[in-house]
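The values are calculated or read from the model by the stated rules, or taken from the named source; none is laboratory data. Worth saying up front: this structure is predicted, and the values here are computed from it rather than measured. Note that we place each Cβ from the backbone using ideal geometry, even for glycine, and neighbour counts take in every protein chain shown. In case anyone asks, the SASA skips ligands and DNA or RNA and just uses the protein heavy atoms, side chains included. Shrake-Rupley method; radii C 1.70, N 1.55, O 1.52, S 1.80 Å.
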Amino acid sequence: MCGRFYLKSAPAEVGEHFGVPVRDNFPPRYNICPTQPVAAIRMSARHAREYSLMRWGFVPSWAKGEFLENLAKRPLINARSETVLEKASFKNAFRRRRCLVPADGFYEWQARPAKAKQPFAIHKRKEGLIGLAGIWETAVDPDGGEIDTLAILTVAAGKDMAGLHSREPVVIAPESYKLWLEADERDMVSLEGLLTPPPPGFWSSHAVSTEVNSPRHDGPHLIEPLAA
């Protein structure tokens, strides 16, 4: 799964990388958690790329009653790529409302026998921004207002990640940003072809402090390698 990530690149870098104007002057965030607002790149109603803030925790437009109450306790932060076109919660968003979630890296926790899980920071071996594959939906909050929500797609872990966890977030290569954002329902086969782990050697990882376990903690020290 993908339950935490970080974005340390400046707004201007995000805008340049994704080819979109970014007017927010957001600070670096080193411990982005579920239910928080996150940056996203999507297509606007005018069919142009736009930067937007969305809540990390997908809410289907039809969600009501007990289902909606359960989402408050256990938000839908991830969608499995293998079943995204089968699940009622996700299939329409995958067909029509895809987005890119800018990140510099993410965290994963490795299970250890008789010990607490060890957090790792994972990033491109060459560093730099990545675009995580997302789907989004506009939901209605309890007060009647509209809120854009998203989930990050995951896939079975590739060679780089297999030793840490069984899943990893889907990363869209820059040359496929246009396809991911603009494809319509006639291009489902091409889109599904993007839902694979990166090639071996793409990721680099290192153990980090368990401080990242708490949403209260933030700062660049969270991604520093753990002292031996």
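What does the charge dipole of the chain about its Cα centre add up to, to the nearest 20 debye, if the Cβ of each Lys and Arg holds +1 and the Cβ of each Asp and Glu holds -1?
For this selection, approximately 400 debye.
Give me the distance between the Cα centres of the range 161-184 and the range 134-158, rounded to whole Å.
17
Provide the FRET efficiency to the nearest 0.05 for the residue 147-residue 213 pair, computing r from the beta carbons and using R0 = 25 Å.
Working from the Cβ atoms, E equals 0.40.
Largest first, what is the accessible-area ranking of 95, 167 with a 1.4 Å probe?
95, 167
With label points built 7 Å along Cα→Cβ from the Cα atoms of residue 184 and residue 24, find their separation and express it in nm.
Rounded to a tenth, the inter-label distance reads 3.0 nm.
Over 30 Å between C-alpha atoms is what I'm after, so list which of 73/117; 73/115; 73/124; 8/117; 117/159; 87/178 land there.
Values: 73/117 23 Å; 73/115 27 Å; 73/124 32 Å; 8/117 25 Å; 117/159 20 Å; 87/178 25 Å.
The answer is 73/124.
Which ³J(HN,Hα) values in Hz, rounded to whole numbers, follow from the phi angles of the range 48-61 under the Karplus curve 6.51 cos²θ - 1.76 cosθ + 1.60, where θ = phi - 60° and Gly and Pro get x?
10, 5, 9, 8, 8, 9, 9, 7, 7, x, 5, 10, x, 4
What does the helix-only formula give at 222 nm for the chain: each DSSP H stretch with n ≥ 4 adding -39500 (n - 2.57), the total divided by the residues, and the result rounded to the nearest 500 deg cm²/dmol?
Roughly -3500 deg cm²/dmol at 222 nm, from the helical runs in the chain.
Near the amide H of residue 157, under 5 Å away, which other amide H atoms are found, from residues 5 or more places off or on another chain, if H is placed in the peptide plane?
Distant-sequence amide H within range of residue 157: 167, 168.
Kirkwood hydrodynamic radius, the range 115-228, all distinct C-alpha pairs: what's the number in Å?
By the Kirkwood definition, the hydrodynamic radius is 16.7 Å.
Please turn the phi angles of the range 172-188 into ³J(HN,Hα) values with the Karplus equation 6.51 cos²θ - 1.76 cosθ + 1.60 (θ = phi - 60°), one per residue in order, whole Hz, x for glycine and proline.
Per residue, the Karplus-derived 3J(HN,Hα) values read 8, 5, x, 5, 10, 4, 4, 4, 4, 7, 10, 4, 10, 5, 7, 10, 4 Hz.
Kindly write out, for the range 74-82 in residue order, the coupling ³J(HN,Hα) from the Karplus curve 6.51 cos²θ - 1.76 cosθ + 1.60 (θ = phi - 60°), rounded to whole Hz, with x marking Gly and Pro.
Values, residue by residue: 9, x, 7, 8, 10, 10, 6, 5, 5 Hz.
Can you pull the one-decimal nm distance between simple spin-label points at residue 204 and residue 16, each 7 Å off the Cα toward Cβ?
2.0
Pulled fully out, how much extra length does the chain show between residue 166 and residue 118, if you take 0.36 nm times their separation in residues and subtract their Cα-Cα distance?
15.8 nm
Would you please state which residues of the range 140-154 a label at residue 85 would reach in this model, taking the label point 7 Å out along Cα→Cβ and a backbone N cut-off of under 20 Å?
151-154
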